[in-house]
Each structure stands twice: as structure tokens, then as C-alpha cells.
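Here the structure comes first, spelled out in C-alpha cells, and everything after it is commentary.
The values are calculated or read from the model by the stated rules, or taken from the named source; none is laboratory data. Source: prediction; values computed, not measured. Don't worry about glycine lacking a Cβ; one is built from the backbone with ideal geometry, like all the others, and counts go over all protein chains shown. Heads up: the accessible areas ignore ligands, DNA and RNA and are worked out on the full protein's heavy atoms, side chains in. Shrake-Rupley method; radii C 1.70, N 1.55, O 1.52, S 1.80 Å.
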Amino acid sequence: MKDNALILGIESSCDETAAAIICGRKILSEEVASSANIHAKFGGVVPEIASRAHTDVVDEVVKSAIQKAGISKGELDAVAVTYGAGLLGALLVGLSFAKSFAYSLSIPLIGVNHIRGHLAAAYLEDDSLKPPFVTLLASGGHTAILLVKSETEYKALGGTLDDAVGESFDKVARLLDLPYPGGPHIEALAREGKANIPLPQMLKGEAGYRFSYSGLKTAVMNFVHTKKQKGEPFSKADLACSFQHAAIDVLVEKTLEAAEEFHLSTVTAAGGVAANGYLRSLLQEKCAKRGLKLVLPALKHCTDNAAMIAAEGSIQFRAGNFSPLSLNAEAYIPI
Ligand code: KG4
Ligand code: ZN
């Protein structure tokens, strides 16, 4: 299979309708339409609204990606599309579109696991990136440390025992009356504060690649309720900053431990929380100190996007892994 195949990637697992075209590891175009501003009013993604929004724009988004790439649709080698995990109705819009598009062009359909897409984003950042390496996966639904053995083989070294780290950012944001998704708002508020409120750094310093976020969320909740009950003022910025430190320090610590234990000299990160500036600078600082190579996806490729789906599609294309047109959307799939 050719290395420089032209792959169209389509992503519609949540509130973003995205299409991108890549050639090898080069991005030719990226288009995205988001319904996030509508969901923000409801404090979270409303599945039916997301599905309708995808239906309204998917054809335009794909058409525009093809135009901006300066290619004709007849030149495409395959269509890669997220088939899970995600909101079923939302996934079905992108998947159905991708199936008919691939069928009409007589090119292969490649169903992509959304999380594998996130993991593949790092390849778009660095042409020379090659497994083996350690990846920190930190998104709204996942928190794990993975050993990437080859482009298609992963081993999960461990993960969260309860909430995902992104989920805890969203829940704490809600508690502080910040809009959804909470991560970027907590980060912005944290920049104005100090990490001076003691919060539990769950499982930090303990052996094993395990994380726990529900206790941290409860500690933040208790802090806010106690202050409110006593009528004592508190700094939301300090709380955001203290929470951010407690949530992220442990992720970075265990990622570096994994690199050391498995004698790997390269580290990558993936998922929405990998867009966090504090996490990025801490990883940069610690990796530099230990002489490790760090590959962080561009900010726009940490959160949901179609270039990462095309990147994973390209890996599957080279491996000859194609999907039947009977492929169904899945709400939950393992990595
Ligand atoms: O990977 P993603 O876009 O979606 C999936 O879960 O697949 O991740 C979304 C999560 C949300 O929980 C969001 O609050 C978090 O990533 N996030 C951030 C930041 N940007 C997005 N968390 C912390 N800091 C950020 N800058
Ligand atoms: Zn995602």
C-alpha cells in the first residue's frame, strides 16, 4: 500500500463535524463546524442537537475540505471515519455519509476508533516519530498511559479507576459556574491564581499506572460547600490553579516513570487535556531534564478533529485494514 495515500478523514462523534485531507503525514486541508456554542447553554452536549447539527453541515464541510486541499474527489484513496466511541446518533451521521461517499467513488472505507485517532495525532506533528514510545492519553472519557509498540499495537499500562481527567475538569468548572467544556476555562482562570489550597493528589507517589479523579472532584466540592456554609470568601482562581496542579502533576509523574521503566526515550500525549498549557509546559520541562524527546500534537489536534482520524486511517490503509459497508456505529469500544 502506498505511503502517500490521499485520505479523507471524517469525525462526528460529539459536537464537532470535521473533515480533513492528508497525504502521508502532510495535512492538505482541515474543516470544522462546531455546535459547542449551542450546547454551552445546556451545560453539556445534547445528543439530538449534535446529530441534527452534523446532518446540516457534513456535506458542506467535506466539500470544502476537498476544495481547500486542491484535489478532486476522484483522487482520494480512502475514506476514514470515526465509528466509535461516541454519541450514537452523532456517529451515524458521519459514518453514513462516509459509507455512501466511499461507495460512490469505489474506494475503501476505513472505520476508525476515535481514541486511536487521538493517539495518531502525534504522527502529524513529527515526520520522524516512530514507535516504540510512551503516550499519555488524557481526554474527556479516557485517562491512561500506553506503551505504543508499533503503529498498530498498544499496551495499556494502566488508567483511571473512576472519572477521566477531562471529566473532572468539566465537573469542577461546573462547580465554579464556568461554561462547558470546562478545561480551557479552568486553565484560563488558573493563570490568575496560585496553587495554595491543599487538595488530594490521588495515587501520586504510589507505584502503578493508576489514577483516580472522583476523590479530587469531591474534595473541591467539599471545599466550595464549606466556604459557602461559613460565608467565607475564597479565590476561584486559586481553587482552579490548585485543582489543575493536583489533576496534572500525577499524570506527568507517571508518564515519566513509564518512560524510565520501559527504557523509552520518546514521550507523546493525546486527547483534549493534552491541550492544557500547564500540562504541556510541565511535560516539556521534565522531558528536557531527562533528555527525553517529547512530541505534543498541535493544540487543535489535541481536541476532537478530523486530521487525527485521517492519520489513523492512513496507518490502517497501509496495514490493509478496511471496513465493510455494513460497519455499524458503536457507543463504546475498547482502545
Ligand atoms: O479529547 P477530547 O476533545 O474529547 C474526548 O473526550 O474524546 O477531550 C475533551 C476534554 C474535555 O473534558 C475538556 O474539558 C478537556 O478535554 N480539555 C481541557 C483543555 N481543553 C480541552 N482540559 C484541560 N485544559 C484544556 N486546555
Ligand atoms: Zn476525542
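Looking for something of a type outside the set (Phe, Trp, Tyr), touching a Cys at 6+ places or on another chain (Cβ under 8 Å) and not in a helix (DSSP H, G or I) - is there at least one such residue anywhere in the stretch 243-258? No, the conditions are met nowhere in the stretch 243-258. The set of residues in the stretch 276-310 that are outside any helix (DSSP H, G or I), among the β-branched types (Val, Ile, Thr) and within 16 Å of ligand 1 (Cβ to nearest atom) contains only THR303.
Tell me, please, whether a residue that is open to solvent by less than 60 Å² (accessible area, probe 1.4 Å), among the aliphatic types (A, V, I, L, M) and part of a helix (DSSP H, G or I) can be found in the stretch 127-146. No, the conditions are met nowhere in the stretch 127-146.
Of all the listed residues (GLY182, GLY159, GLY140), the sole one being free of Cβ contacts under 8 Å to residues at least 24 places away in the same chain and within 16 Å of ligand 2 (Cβ to nearest atom) is GLY182.
Considering each of VAL32, VAL46, VAL79 in turn, give the residue that is crowded, with 16+ Cβ neighbours inside 10 Å, hydrophobic (A, V, I, L, M, F, W, C) and out of contact with any strand residue (DSSP E or B) (no Cβ under 6 Å at 6 or more places or on another chain).
Numbers: VAL32 fails: out of contact with any strand residue (DSSP E or B) (no Cβ under 6 Å at 6 or more places or on another chain); VAL79 fails: out of contact with any strand residue (DSSP E or B) (no Cβ under 6 Å at 6 or more places or on another chain).
Step by step, each of VAL32, VAL46, VAL79 is checked, and only VAL46 is crowded, with 16+ Cβ neighbours inside 10 Å, hydrophobic (A, V, I, L, M, F, W, C) and out of contact with any strand residue (DSSP E or B) (no Cβ under 6 Å at 6 or more places or on another chain).
Taking the criterion of being buried (at least 20 other Cβ atoms within 10 Å of the Cβ) and in a loop (DSSP other than H, G, I, E, B), the residues of the stretch 166-198 that qualify are LEU178, PRO181.
If we only count helices (runs of 4 or more DSSP H) wholly inside the stretch 1-118, which ones have 3 or more residues that are among the charged types (D, E, K, R)? Break it down into steps so the answer makes sense when it comes.
Working: elements: 36-40, 47-69, 88-105.
Here the list reads 47-69.
Of the candidates LYS41, LYS63, the single residue that is among the basic types (Lys, Arg), open to solvent by 40 Å² or more (accessible area, probe 1.4 Å) and closer than 23 Å to PRO184 by Cβ is LYS41. Out of all the residues in the stretch 116-126, which are within 16 Å of ligand 2 (Cβ to nearest atom) and open to solvent by 10 Å² or more (accessible area, probe 1.4 Å)? Within the stretch 116-126, ARG116, LEU124 qualify.
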